[in-house]
1. Could you list, in sequence order, the residues of region B:4-42 that are part of a loop (DSSP other than H, G, I, E, B) and either of a type in the set (A, V, I, L, M) or surrounded by fewer than 17 Cβ atoms within 10 Å (Cβ to Cβ) (or both)?
2. Of a type outside the set (Val, Ile, Thr) and touching a residue at least 60 places away in the same chain (Cβ under 8 Å): does that describe B:LYS233?
3. Out of B:SER218, B:SER212, which single residue is closer than 23 Å to B:VAL258 by Cβ and part of a loop (DSSP other than H, G, I, E, B)?
4. Restricting attention to region B:285-323, and to residues there that are aliphatic (A, V, I, L, M) and not in a helix (DSSP H, G or I), which single residue is nearest to the chain's Cα centre (by Cα)?
5. Check every one of the helices (runs of 4 or more DSSP H) wholly within chain A and list those with 2 or more residues that are over 22 Å from B:GLY165 (Cβ atoms) and modelled with pLDDT of 65 or more.
6. Mind telling me which of the residues B:ALA134, B:ALA116, B:ALA121 ends up being in a helix (DSSP H, G or I), buried (at least 24 other Cβ atoms within 10 Å of the Cβ) and more than 14 Å from every other protein chain (Cβ to nearest Cβ)?
7. Test B:ARG199 against the stated conditions and say whether it is surrounded by fewer than 17 Cβ atoms within 10 Å (Cβ to Cβ), touching a Lys or Arg at 6+ places or on another chain (Cβ under 9 Å) and at pLDDT below 95.
8. What do you reckon, is B:ILE162 away from chain A (no Cβ under 14 Å) and in a strand (DSSP E or B)?
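The values are calculated or read from the model by the stated rules, or taken from the named source; none is laboratory data. The structure displayed is predicted, hence computed values, not measured ones. Glycine also receives a Cβ, built like all others from the backbone with ideal geometry; neighbour counts cover every protein chain displayed.
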Amino acid sequence: MIVGVIIGVAVLLVIVVGLLLSRGGPRHEPGVVSFRKHIDALSPEARRQVMDRVRPEPRDESDEHGS
Amino acid sequence: MARDLAIDLGTANTLVYMKGKGIVLNEPSVIALNRQTGEVLATGREAWQMIGRTPGYIVAVRPLRGGAITDFEITERMIRLLLQRVGVSRFTRPKVVICVPSAITEVERRAVTDAARRAGAADAQLIEQPMAAAIGADLPIDEPIGNMVIDIGGGTSETAVISVGGIVALEAVRVGSFDIDASIQAYVRREHGIAIGERTAEEVKVAIGSASVTEDESQAEVRGRDLMTGLPKTVVLTPEEIRFAIDDVISSIIASVVRCLAKAPPELAQDFLVRGMYLVGGGGLLRGLAQRIEKETQVPVRMSNMPLEAVVMGAGHCIEHYDALKGMFMGARR
């Protein structure tokens, strides 16, 4: 009876530790995926938002001539 | 929740980009301190106006010189004040990406990240200025094409070849537009016997300075202190004199560009001939510099659309796409 409980607890511990190890370690993306993400983030389309945010707005022609 | 920040911590100017907002701060990298108490009296533009014009107990300094940190404690205080000015407090802890010269030492690297963390950043990462400049200059660095960028700052000049999202060749010299100002100061002192301040030297450079002969050249009147009599004196400087005075600095910058071209793989060399090199940074605005580099390297030189903001825009893009681009940060590639 006691031996059965001990074996049961040991099996349970092994399962819990196994689960923790499989989830806790750093998950690395495959090189191809992370490289593609890196390159896509540097594309002109991805950069457009920052460029538009900083680029001075074109002056309104009507303001120059006085409305 | 604080908005993440990108900082271009330049020798001459500091720019801050806020995620989702754009550039929120653009000021000279100057801090004014009370020499006796160590209290900060002013930063940025206000402190810049004090350079060379302060009473004995006040000192207005640039904590970065030649792209290097000359005073760690003052640099830390300046970063802290900058972050406070853009809304960072102990309760709002943003991620920060800081642009630094590529030639920065390990000690300086740690000092900058530690200073940012102590100033309230939750995480501080560094990125090389030429890499950030290439992103900000909107070059197609995601493609297998040779992109060459020359970043001439206040204290450093860096040339980099970038392809497929990474640096292929890099060359840096600790010479920049402040060295041009210092050369003008030294020339006026030696040849005309008058002492002028660094701000006056900068004004002369902006007014009549050039790296090669340009159209519509004019002379400039310069006022300073006569070294013999101690009295105020005015002299007239010509563009030829200034070209002669700054020639050593210009030659040193061009030599580093040539070294970078020589380091680049031959497969990329043909791209430079077709696409040219891109000039960014305040030093790149010197009249005739693009033409002089073009003449000496036989490679076309183009000016970036926003030369003063390109570096912080590149770092700003990294903060907008932090997870995808964290492999670009210094230390991440080891």
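1. Within region B:4-42, B:ALA12, B:GLY20, B:LYS21, B:VAL30, B:ARG35, B:GLN36, B:THR37, B:GLY38, B:GLU39 meet the criteria.
2. no
3. Result of the check over B:SER218, B:SER212: B:SER212.
4. Selected residue: B:LEU308.
5. A:2-24
6. Only one candidate qualifies: B:ALA116.
7. Against the criterion (surrounded by fewer than 17 Cβ atoms within 10 Å (Cβ to Cβ), touching a Lys or Arg at 6+ places or on another chain (Cβ under 9 Å) and at pLDDT below 95), B:ARG199 qualifies.
8. Answer is no for this residue.
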